[in-house]
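Participant: Provided herewith is a single structure, encoded as structure tokens, for subsequent inquiry.
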Amino acid sequence: MKFSCPHCDQHIDAPDESAGQQVNCPTCAKPVCLPQPLQTPKASGFPDWLRWVLVLPTAIVCSIVARLAGEINLYMFPFLSDSFVQFWNCIMGSAFLVVGGAQSAPKHRFIVALTLTVVWAIFSGVGIAMFFLTGKHSDPLFLWYFVCDGGGIVATVIVCVVYHQMETKARLKDALARVP
Ligand SMILES: [Zn+2]
């Protein structure tokens, strides 16, 4: 890792593993914080185009697996009520839909998370509308479906906020590392 001392512009060559440590410049003896290496996208076995193609399938598979895990909970913890597990499955199924899709994307994960959230909200909205249209809203179960779907959408929004925070932090870190 090569960089310049911010005080005297002396070129310093330091081993990569000392990134982030504070040392004294060999020329002016002032304390210098060794820069973190620029963030490079994580190497993965898949090329970017394939990861983009896999965003939706990964999202759906993650969502189904999260829901199945909830069903297993029902057997492991028989004291949990069916309604609670249904709610939990809605939350987990929705959250993991967004996380699975966003993690598959090689970059722009916040935008991917946001898009999946909007698509999911539309699907849930259509489901609720169908419930209304078929006259099942007199069913007391309807309110619970509504709560579950609403909870699922809140969960996806929270996931989006987390991705936004992470990307903002990564950008900030990247910008700081580029400061000469
Ligand atoms: Zn110096």
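Participant: Among the residues of segment 1-36, what is the count of those that are part of a loop (DSSP other than H, G, I, E, B), under 33 Å from the mean Cα position of the chain (by Cα) and under 20 Å from LYS173 (Cβ atoms)? I'd like the intermediate steps shown before the answer.
Facilitator: Residues of segment 1-36 that are part of a loop (DSSP other than H, G, I, E, B), as a first pass: 1, 5-10, 14-15, 19-21, 25-30, 34-36.
Retained after the next criterion (residues that are under 33 Å from the mean Cα position of the chain (by Cα)): 1, 15, 19-21, 34-36.
Still in the list and also under 20 Å from LYS173 (Cβ atoms): 1, 19-21, 34-36.
Final tally of qualifying residues: 7.
Participant: Still on this model: Name the residues in segment 28-62 that are at pLDDT 75 or above, of a type in the set (A, V, I, L, M) and away from the ligand (no atom under 16 Å from the Cβ), would you?
Facilitator: LEU50, VAL53, LEU54, VAL55, LEU56, ALA59, ILE60, VAL61
Participant: Mind checking which pairs have a first residue in segment 112-134 that is without any contact (Cβ under 8 Å) to a residue 24 or more places away in the chain and a second that is hydroxyl-bearing (Ser, Thr, Tyr), Cβ under 7 Å, 6 or more apart or different chains?
Facilitator: PHE131/TYR145
Participant: Can you list residue pairs whose Cβ atoms sit under 7 Å apart, with the first residue in segment 1-14 being within 16 Å of ARG178 (Cα to Cα) and exposed (fewer than 13 other Cβ atoms within 10 Å of the Cβ) and the second being modelled with pLDDT of 80 or more and of a type in the set (Gly, Ala, Ser)? Count only pairs 6 or more apart in sequence or on different chains.
Facilitator: Listed by first residue and then by second, the contacts come to HIS11/SER4.
Participant: A follow-up question, please. Out of all the residues in segment 95-105, is one or more more than 16 Å from the ligand (Cβ to nearest atom), buried (at least 17 other Cβ atoms within 10 Å of the Cβ) and assigned to a loop (DSSP other than H, G, I, E, B)?
Facilitator: Of all residues in segment 95-105, those more than 16 Å from the ligand (Cβ to nearest atom) come to 95-105.
Remaining after also requiring buried (at least 17 other Cβ atoms within 10 Å of the Cβ): 95-105.
Within this subset, residues satisfying the condition of being assigned to a loop (DSSP other than H, G, I, E, B) are 105.
Yes, the conditions are met somewhere in segment 95-105.
The values are calculated or read from the model by the stated rules, or taken from the named source; none is laboratory data. Just so it is clear, the model here is predicted, and its values are computed rather than measured. Methodologically, a virtual Cβ is constructed for each residue, glycine included, from the backbone with ideal geometry; neighbour enumeration extends over all protein chains shown.
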